[in-house]
Each structure stands twice: as C-alpha cells, then as structure tokens.
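Structure first, commentary second.
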Amino acid sequence: MNKTQNAIFSLFLSLGLIPLAGCLESISNANGDTDKPANAASKTESSQPQSPAVKPVRAHVMTPISREVVDYEEFTGRIMAFDEVDVRAQVSGTLLKCLFKEQGQMNINPQTGKPESDNANTKLTLREGDEVKEGQLLFEIDSDVYDTLLASAKGELEVLEARRKRLENVKARAEKLRPGGAISDEDYDEALFNLQECDAEIATAKAKIRQAEINVNYTKIYAPIDGYLCESEISIGNLIQANSSSLVKIVKVDPVFIFINIDEATVQRLKKIADKRKEANPNAELVQEIEFRLSGDEGFIHKARIDYLTPTLEQSSGTRFIRAVCENPKTASGARLFQPGMTAHIRINITEKYETLLVPEETLGTNQATRFVYVLNEKNIPEMRTVELGQLQEDNMRV
C-alpha cells in the first residue's frame, strides 16, 4: 500500500455494502435531513406494511501499521543426507563378526580350520538404525590367511637381512684384496652387485610386509564416517568378496542438505542483493540464508544457508539447482529433527528490508479484479479506496 493511506482504515469484518447504506440512511434520518414529499408519501402508504428500519451497525476502525518487511518467493525442496557411504570389504574371507546383528559370531576351529558359531560370547552394542562414530568397529573377517602371509613376509625379510650381512663381509674382503691384485676387477664388481641386489630384495620384502599388514588390518572393518547404520543384508558366515557388494550403508544426517530448483529470475534478484551488499561493505560475507518449514509447522521456523549454486541453467526446466545446508539437532527422544526424504517448504528473501504500511487481510474487499479498503474521510464517513497489494505476512497482515 502507498503511504498516503495514513488515514484510518475501517474493519468491516462481517459487514456488506447494503447494511452500510442502511446505517448511513439511519444516521441521516436521525439528523432530521429529510424533505416533506418523503413525509407525505409515508403518510399515504401508512396502511401498507412497513419493513423494519435498518439499525446503525457498529464498526471497528484501526490505524495501518508501519514496519519493515522483505519480499520473498516460496519453493518446495527436498531434505537429503549430507553424506552416504557404502561400506565394502577390501579383502576376501569369511565374515566372523557383525557388531550390530543378533547372529552371534563365528570362531575358527584350530583343529579343523573351519568356522564355528559361538553365540554365547556375543555382546551387541549396536543395532541397525543406530548412530555410529567414525572409526567404530562394524565387521570382522577371518584373518588367518592374512596373518600367515604376514608371518611369511617377515620370515623372508629375516633371510634377506642375514644374506646381506654375508655379502657385506664378502665386499669388505674384496676391497682389501683388490689393491694387491689378489682378486680381479670382475670378482670385485660381482661382490658389489650381489650386495646391491640383496638391498633391492630387502626393500621388496619390506613392501610385502607392509601389504600383508594392510590386508590384516582390512579384516576389521570400521565406520568411515559419523552417521546412522542402514539395513544390512549380509549374514555371519558368508564368504565376502573384496570390493564386491555393500556390507552396510552409513548415512550422515548432521548437517543435512536441502535441494531446491529455482527459476532464473529469482537467481538474478539474489545476485542483485549480493551486489548491493558488496558495494555497501566490500568485506561483507555474502551468505544467503533461507527459511523453511516442514509439514505441520506453523511458520517458517527453520533456517539454512545456501552453499552451492549450479553454474549452468537446466535447459529443459529453465531452473537452476541450489543446495543449502542446515544443522540437524536431536529432539528430546534422541531422533534427529530432519530426516532425508522430507519435503521442505522454503522461503527465500528477494529484496532488502524496506518500510511499508500493513493492514489485516480481512479488511480488504474485492471488486472483480480490484482490491479495496474503506477509509474514513475528514467527515468520518467511510469511502472506498482502491489499493495495490504486496505480500501477505505470517501474522496475516497484508502489505
């Protein structure tokens, strides 16, 4: 509304034009503003039944409110997990333990070398759907094969280190005998070559040990991120193949992402806001916040910040993809407030704050495509005024 409406607006909550006309007529009669022909006509028709006079109707008035508002656009978005990881085995072997399934565990019988169930020793500390921390143990694969390979690699290194000591002695003697011509240059070169070759073999043996240690470590599978365990279809005793199917998925939901598709016009308006802020303060942080609500919420009570805007326009829809990030606190029950897959009703400010006049939505009337209010003039008589509307605010006040 224009600021010229600093007059008083009339609140006709349940009052139509006909009662208003009757009200004004009654007031006019009460003031004695009538003519004689009208009185004469009333006398000649006194024998006919008269309709009851319309009594004046009491109306409430108010002064429009002046305050700062912003214009906004509303969109629908989707809440998604911040991160998702499929946990896979990096070595093959029999699955002996699953720390979040009530299936017991498998032990390897030292006599037969076969896995055997041992339910008595199982103590579950996790279940599917529970929250896990990065580095928390989830699975154990039979490590006997990899322990053996590690021991073999260490034994090979010991042999090579012993051989190197012998070759060092050979090289030292060759160096003493060479000046006197007791050995040929060819024999000396061979002693030197054998020592260098042994050093290379030792380096290879150390690499094998490192690889064997890695494989042994891979038999214990840990959570790679903080998050929640999804349903797992793997069972104790299964033969796990390296880098094959997923053992379990972990979903990180704190924080969460909100995915939104917005039109190019809104993107341009957001850019203009950022440009104005940068011109006013070159050091200003250009982080655009959005407000959103879930189904059932009263008002846009949650906030998130935009952290990514696609550099290209989607040709088929004429929209651009925006991603916002939002903290996801726990509720009193321990569950997270936002769950991946939820629908978010989003409001994005597209102007800076500006001051304007507001009136309650119920004071506005409609005449075809025109919106109007009643304004009391200088004689305290209601007059219809056409108004140009802005956006409806959360408290049902209209700009």
Any chance K101 is outside any strand (DSSP E or B), assigned by TED's automatic domain parsing to the domain that holds I240, buried (at least 17 other Cβ atoms within 10 Å of the Cβ) and at pLDDT 60 or above: yes
Search region 62-77 for residues being part of a strand (DSSP E or B) and exposed (fewer than 15 other Cβ atoms within 10 Å of the Cβ), and hand back the single one that is modelled with the highest pLDDT. T76
Which of the strands (runs of 3 or more DSSP E) found entirely inside region 197-281 contain at least 1 residues meeting this: of a type in the set (S, T, Y) and within 30 Å of G77 (Cα to Cα)? 227-229
Answer yes or no: is there a residue in region 219-242 that is free of Cβ contacts under 8 Å to residues at least 24 places away in the same chain and more than 30 Å from C98 (Cβ to Cβ). no
Inspect region 307-316 for any residue being assigned by TED's automatic domain parsing to the domain that holds F257, more than 25 Å from K271 (Cα to Cα), among the small types (G, A, S) and loosely packed, with under 12 Cβ neighbours inside 10 Å and give the result as yes or no. no
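Yes/no matrix, rows are residues, columns are (1) assigned to a loop (DSSP other than H, G, I, E, B); (2) free of Cβ contacts under 8 Å to residues at least 60 places away in the same chain; (3) among the aliphatic types (A, V, I, L, M):
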{"residue": "K303", "(1), (2), (3)": "no, yes, no"}
{"residue": "T312", "(1), (2), (3)": "yes, yes, no"}
{"residue": "I322", "(1), (2), (3)": "no, no, yes"}
{"residue": "L358", "(1), (2), (3)": "no, no, yes"}
{"residue": "F372", "(1), (2), (3)": "no, yes, no"}
{"residue": "N380", "(1), (2), (3)": "yes, yes, no"}
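Residue-wise test of (1) more than 22 Å from V325 (Cβ to Cβ); (2) buried (at least 16 other Cβ atoms within 10 Å of the Cβ).
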residue	(1), (2)
D226	no, yes
E233	yes, no
L239	yes, no
S244	yes, no
L247	yes, yes
D254	no, yes
T266	no, yes
A274	no, no
Exactly one of these conditions fails for F338: (1) among the aromatic types (F, W, Y); (2) assigned by TED's automatic domain parsing to the domain that holds P64; (3) part of a loop (DSSP other than H, G, I, E, B). Give me its number. (2)
All but one of (1) at pLDDT 95 or above; (2) closer than 30 Å to E231 by Cβ hold for D147; which doesn't? (2)
With respect to T312, determine if the residue is at pLDDT 90 or above and of a type in the set (S, T, N, Q). no
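Which residue out of R347, R385 is surrounded by 15 or more Cβ atoms within 10 Å (Cβ to Cβ), in the same structural domain as R277 (by TED's automatic domain parsing) and assigned to a strand (DSSP E or B)?
Working: R385 fails: in the same structural domain as R277 (by TED's automatic domain parsing).
Testing whether each residue is surrounded by 15 or more Cβ atoms within 10 Å (Cβ to Cβ), in the same structural domain as R277 (by TED's automatic domain parsing) and assigned to a strand (DSSP E or B) leaves just R347.
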Determine which single condition A332 fails, assuming it passes every other condition in (1) more than 19 Å from V69 (Cβ to Cβ); (2) touching a helix residue (DSSP H, G or I) at 6+ places or on another chain (Cβ under 8 Å); (3) modelled with pLDDT of 85 or more. (2)
Identify the single condition in (1) in contact with a Leu (Cβ under 7 Å, 6 or more places away or on another chain); (2) among the hydroxyl-bearing types (S, T, Y); (3) loosely packed, with under 15 Cβ neighbours inside 10 Å that T363 does not satisfy, given that it satisfies every other one. (3)
Given the residues A205, A153, A191, A172, which is the only one that is hydrophobic (A, V, I, L, M, F, W, C) and surrounded by fewer than 14 Cβ atoms within 10 Å (Cβ to Cβ)? A172
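The values are calculated or read from the model by the stated rules, or taken from the named source; none is laboratory data. These numbers come from a predicted model, not from an experiment. Note that each Cβ is placed from the backbone with ideal geometry, even for glycine, and that neighbours are counted across all protein chains shown.
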